[in-house]
Amino acid sequence: MSPLKIKKGSSKHSAYNLRPTFSDIQETHTLAVLVENEPGVLARVIGLFSGRGYNIESLTVAEIDHEGHLSRITVVTTGTPQVIEQIKAQLGRIVEVHEVHDLTVEGRSVERELALLKVNGSGEKRVEALRLADIFRAHVVDSTLESFVFQITGTPDKIDAFADLMRPLGLEEVARTGVAALARGT
């Protein structure tokens, strides 16, 4: 008689899958949350993340409707699919939250970030920094004899790549806005 090829956690005669369906895979999601523009709303939304130990990788907040007193909070967070679903459900329960959209799941979206990078250097490093800035379409917004301040917009990956190339050339300081994202048109 040949050995049975039974997967761990199940049996040949079981009608149930006894293996857990939870995923351990960490995913990054961009959430757009439409909220009332009132004092304390941002603190409640962020408190939801910190109180449960969820990480926020990027956070952008701005008023989008002056007459309706609405703000848009764009949060980039990482977690298992179950954690992401739990975050969306808990955000939806906050009274001042009007809508929660998971731009990662709902379809294609446009994500952009703005960064300012201060690069110190002279001579050949200075020339190389300007050459790389041109390739990445970064703009010089301030210049002294010892340093440049570059402005770059793009995806977070593009900004990371530019910063990585500027490190050996004298990258001294970085300021980033966080991700702003919108769903693409139909």
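The values are calculated or read from the model by the stated rules, or taken from the named source; none is laboratory data. Values in this document were obtained by computation on a predicted structure and should not be read as measured data. In this analysis, Cβ positions are derived from the backbone assuming ideal geometry, glycine residues included, and neighbour counts consider all displayed protein chains. We work out accessible area using only protein heavy atoms, side chains counted, and drop any ligands, DNA or RNA first. Shrake-Rupley method; radii C 1.70, N 1.55, O 1.52, S 1.80 Å.
Exactly one residue out of Ser109, Ser122, Ser71 is open to solvent by 20 Å² or more (accessible area, probe 1.4 Å), of a type in the set (Ser, Thr, Tyr) and over 16 Å from the mean Cα position of the chain (by Cα): that is Ser122.
Of all the residues in region 125-151, those that are assigned to a helix (DSSP H, G or I), open to solvent by 90 Å² or more (accessible area, probe 1.4 Å) and in contact (Cβ under 8 Å) with a residue 24 or more places away in the chain number 1. For region 17-29, the condition holds for no residue, the condition being that it is at pLDDT 90 or above and more than 24 Å from Ile159 (Cβ to Cβ). Scanning region 86-97 for residues that are surrounded by 14 or more Cβ atoms within 10 Å (Cβ to Cβ) and not aliphatic (A, V, I, L, M) returns Gln86, Lys88, Gln90, Glu96.
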